[in-house]
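Contents: one structure, followed by commentary.
Bear in mind that the values in this text are calculations on the coordinates, not laboratory data. Being a predicted model, the structure only gives us computed values, none of them experimental. Positions of Cβ are backbone-derived with ideal geometry, glycine not excepted, and every protein chain shown enters the neighbour counts.
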Amino acid sequence: MTDRSPSAAAVTRLADQAHGYVQPDGSWYINNCGFVDAGDHTVLIDTCSTERRTRALLAAVEAAGGGPVTTLVNTHHHGDHTNGNYLVEGAAVLGHRKTRELMVAEGIQTFEGIFVGSDWGELESRPPEVVFDDRLTVHAGDVTLELIHPGHAAHTTNDVLVWLPGQRVLYAGDLVFNGGSPFALMGSVAGWRKGLDIIRELEPEVILPGHGGPCGLDVVDKVDEYLEFVQRTAERGKAAGLSPLEAAKEADLGEFESLTEQERLPGNLHRAYAELDGAEWGADIDLVAAVTDMVAINRGPIRCFS
């Protein structure tokens, strides 16, 4: 069996001064984080979904021997990347303006009745205190971090790529999933595909995805192919008069059958259907209907291991 406990997470060196914190198996609410060792201080990229996972992350960062965490960057607002922000005491939290807006509006979301099995612990919402709209440069000792918003909705409306040009390392947040089904319900299928072009233009040598192990541009291509599959499935489903749930049930997954979290497909199709109807990228849609269909295709609440 896969060990999904916090103790299974490992610090992985990505390049000089750049590290990943990789949590198996990358399923619901089990994300990756990163950190940059600036010598006398550390820049942390994302926290975790639960109290115990975030405490394990901070212990691992401290054990790595860098200085105290003085800066925390959030790659988007989802709780698996932000719930633990409050535990990073003394650090300034940076993020996109919409990340702050959504976290202020929503607080901690546990989605009772939809997801089961998470050991949340004690959580407090702590949105970013320093916000930006397009790009922001952070200097950590002699390491430069370029924070890049795609300029439109992708995985969410507020994604941030963390690019280290000197090391050619990219912390991609959830614009890249390695082994799991991408999830575009709160963003845009078409916008995400365009956002992947930004990653290709950067030409990173190493990518730390939001979920799954470190990878290269070949995984970016696989994410793009899956999103194209979602668009094609939506086009066929609408032409046949099928609902997103019906289209998901009839879909031939083909090469994507091995991806985990297949219950995300009807949610993705709700977003793709909306875009076929002319909805702007990232526009509000009926999230309750989409999530209800995800639970339906899963035949019950979705099991988490966080």
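Report, in deg cm²/dmol and to the nearest 500, the calculated mean residue ellipticity at 222 nm for the chain, where each DSSP H run with n ≥ 4 adds -39500 (n - 2.57) and the sum is divided by the residue count.
Values: 8 runs with 96 residues, N = 306.
That calculation yields -9500 deg cm²/dmol at 222 nm.
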Which ³J(HN,Hα) values, rounded to whole Hz and listed in residue order, are derived for segment 166-180 from phi using the Karplus coefficients 6.51, -1.76 and 1.60 in 6.51 cos²θ - 1.76 cosθ + 1.60 with θ = phi - 60°, glycine and proline given as x? x, 9, 6, 10, 10, 8, 8, x, 8, 6, 10, 10, 10, x, x
Please give, to one decimal in nm, the separation of the simple spin-label points placed at Thr260 and Glu203, each 7 Å out from Cα toward the Cβ. 3.4 nm
Can you find, among Thr42, Thr82, Thr12, the residue farthest towards the positive end of the dipole of segment 2-102? Put +1 on the C-beta of Lys and Arg, -1 on that of Asp and Glu. Thr82
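Find how much the distance from Ala63 to Glu89 grows on full extension, using 0.36 nm per residue of separation minus their present alpha carbon separation; answer in nm with one decimal.
Working: separation 26, 0.36 × 26 = 9.36 nm, distance 1.70 nm.
Here the segment from Ala63 to Glu89 would lengthen by 7.7 nm.
Treating the beta-carbon of each Lys and Arg as +1 and of each Asp and Glu as -1, no other charges, what is the dipole magnitude of segment 186-264 about its Cα centre, to the nearest 20 debye? Write out the running numbers ahead of the final one.
Numbers: 9 positive and 17 negative charges, 75 e Å.
Here segment 186-264 has a charge dipole of around 360 debye.
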Highest to lowest packing among 284-291, 144-151, 254-261, 24-31, scored as the average C-beta count within 10 Å: 24-31, 144-151, 284-291, 254-261
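Only four residue types carry charge here, +1 at the Cβ of Lys and Arg and -1 at the Cβ of Asp and Glu. Report the dipole size of segment 61-209 about the Cα centre in Debye, rounded to the nearest 20. Before the final figure, lay out each step's value.
Details: 9 positive and 20 negative charges, 87 e Å.
Result for segment 61-209 is approximately 420 debye, rounded to the nearest 20.
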Based on the Cβ-Cβ distance from His139 to Glu106, what FRET efficiency comes out when R0 is 22 Å, to the nearest 0.05? 0.10
Kindly express, to the nearest 10 degrees and within the range 0 to 90, the angle between helix 51-63's C-alpha long axis and the longest C-alpha principal axis of the chain. 40 degrees
Can you list the residues of segment 73-88 with backbone N under 13 Å from a point 7 Å past the Cα of Arg97, pointing along Cα to Cβ? none
By how many nm would the segment from Glu129 to Glu225 grow when fully extended, if each residue of separation counts as 0.36 nm and the alpha-carbon distance is taken off? 30.9 nm
Answer in debye to the nearest 20: the dipole magnitude of segment 142-247 about its Cα centre, from +1 Lys/Arg and -1 Asp/Glu charges placed on Cβ, is 380 debye
Kindly write out, for segment 278-286 in residue order, the coupling ³J(HN,Hα) from the Karplus curve 6.51 cos²θ - 1.76 cosθ + 1.60 (θ = phi - 60°), rounded to whole Hz, with x marking Gly and Pro. x, 5, 5, 4, x, 5, 5, 10, 6
Among Gly166, Ile207, Ser125, whose Cα projects farthest towards the positive end of the dipole of segment 120-212, with charges put on the beta-carbon of Lys, Arg (+1) and Asp, Glu (-1)? Ile207
Rounded to the nearest 10, the angle in degrees between the Cα long axis of helix 264-276 and the longest principal axis of the Cα atoms of the chain comes to 70 degrees
Here, Ala15 and Arg232, labelled 7 Å along Cα→Cβ, have an inter-label distance in nm of 3.4 nm
Binning at 5 angstrom from zero up to the longest distance, how are the C-alpha pair distances of segment 178-281 distributed in percent? 2, 13, 24, 24, 18, 11, 6, 2, 0
In terms of Cα to Cα distance under 20 Å, which lysines are near enough to Lys222, apart from those fewer than 8 places away along the same chain? Lys194
Paramagnetic reach from Arg168 in segment 210-226 [backbone N under 12 Å; point 7 Å along Cα→Cβ]: 217
What is the distance, in nm, between label points placed 7 Å from the Cα along the Cα-to-Cβ direction at Ser7 and at Ala296? 4.2 nm
